Amino acid sequence: MNESILKHTIITAAIMIAFTVIGTFILAYTYDTTKTPIAKAEDNVRMALFQQLLPKDLYDNDLLHDGIKIPTGGELGNREETMLYRARVKGAPSAVILQTTAPDGYSGDIKLLIAIKAGGEIAGVRVLTHKETPGLGDYIDIEHSSWIKNFDGQSLVKTDDNGWHVKKDGGRFDYMTGATITPRAVIKAVHKALSYYDKNRNEIFNAPATKESVS
C-alpha cells in the first residue's frame, strides 16, 4: 500500500514538473517572439506623440535613441524615473521633450509631456494621463479643449514668474469657472519644467545618451 502511494506521488510530481517546464518554455518563447513587435509599437506611439509637439524641421536625429534618464524627485519632482529626449538638427541642439507630473491635480497626478525649444520657448504640451472630473477639469486634455495650447510659444522671458498663474490669481492664463485647481496644477508643473530646463540645458545636451528606455 505504501509503495503504491509512493509510486502515485512520484508520478504526480513528475507530471507537475513536466507541465511546469513546458509552461515555462511556452512563456519564454512567447515573450521572445513578441517583445520586438511590442517594443516597436510602443516606439510608434511615442513618436506619434512627439510629432504632435515638435515640427519635423526641429529634428533630423533619431529622438528615441538620443535620450537621458531623469531620476525620481529632484527639481521636477517626478515620482518615478522618466526619460528626456533630445532633438537636434545637423548635430546642433534644437529642442527637448520631457515628462513631468503635476502632483496636485484635483483628482490626483496629472502626467504631462512637454516640448521645449533649445532657446527656452515651449513648442507644445500634452496631457498623458489624468483623473480630473469629466466635463469640468478634463478641459486640460487636447481631446476636450484647446486650452493646453495656451502654453505654445511661452517662455520664462515672455512670462515672468508672477505670470505663471491663472488670471484669478493674478497670472496670465485662462481657466474654466469652477475648475481652478486643475489648471493651477498644470501651470505650476509646466513652469517648473521650464525652470528645470533653463538651469540644466548645457548638462542635458552634453550628457551621453541612455541606452535603456523607460516606459
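For Glu132, nonlocal amide neighbours, meaning residues 5 or more places apart or on other chains whose placed amide H falls under 5 Å from its own, do not occur. Phi angles across the stretch 74-84 convert, under the Karplus curve 6.51 cos²θ - 1.76 cosθ + 1.60 with θ = phi - 60°, into 3J(HN,Hα) values of x, 5, 7, x, 5, 7, 9, 5, 10, 10, 10 Hz, Gly and Pro given as x.
Provide the gained length on full extension for the span Asp160 to Lys56, in nm with one decimal, where the gain is 0.36 nm per separating residue minus the Cα-Cα distance. Intermediate results must be reported in sequence, preceding the final value.
Numbers: separation 104, 0.36 × 104 = 37.44 nm, distance 2.91 nm.
Once the chain is fully extended between Asp160 and Lys56, it gains 34.5 nm.
Taking amide H as placed 1.01 Å from N in the peptide plane, Ile70 has its amide H under 5 Å from the amide H of Thr82, Met83, Leu84, each at least 5 places away in sequence or on another chain. The label-point distance for Asn202 and Thr24, in a model that sets each label 7 Å from Cα toward Cβ, rounds to 5.3 nm. 3J(HN,Hα) along the stretch 129-143: 8, 7, 10, 5, 4, x, x, 10, x, 7, 5, 6, 7, 4, 6 Hz, from the Karplus curve 6.51 cos²θ - 1.76 cosθ + 1.60 with θ = phi - 60°, whole Hz, x for Gly and Pro. Residues whose amide H falls under 5 Å from that of Ala87, counting only those 5 or more places apart or on a different chain, are Ser94, Ala95, Val96, Ile97, with hydrogens built in the peptide plane.
In order along the stretch 169-176, phi translates into HN-Hα couplings of 9, x, x, 10, 9, 5, 7, 8 Hz, rounded to whole numbers, per the Karplus curve 6.51 cos²θ - 1.76 cosθ + 1.60 with θ = phi - 60° and x for Gly and Pro.
Please give me the summed charge of the neighbours of Asp152: other residues whose Cβ is under 12 Å from its Cβ, Lys and Arg +1, Asp and Glu -1. Net local charge, Asp152 excluded: +3.
If you count, for each residue, the other Cβ atoms within 10 Å and average over each peptide, how do 89-102, 165-178, 182-195 line up from highest to lowest?
Working: 89-102: 18.9, 165-178: 14.9, 182-195: 22.4.
Output ranking for 89-102, 165-178, 182-195: 182-195, 89-102, 165-178.
For the stretch 37-126, the set of chymotrypsin sites (Phe, Trp or Tyr not before Pro) satisfying both a DSSP loop assignment and a count of at most 12 other C-beta atoms within 10 Å is empty.
All of the numbers you see were taken from the coordinates with simple rules; none came from a lab. Only a predicted model underlies this, so the values are computations on that prediction, with no experimental measurement involved. Here Cβ is always computed from backbone atoms with ideal geometry, including for glycine, and neighbour counts include all displayed protein chains.
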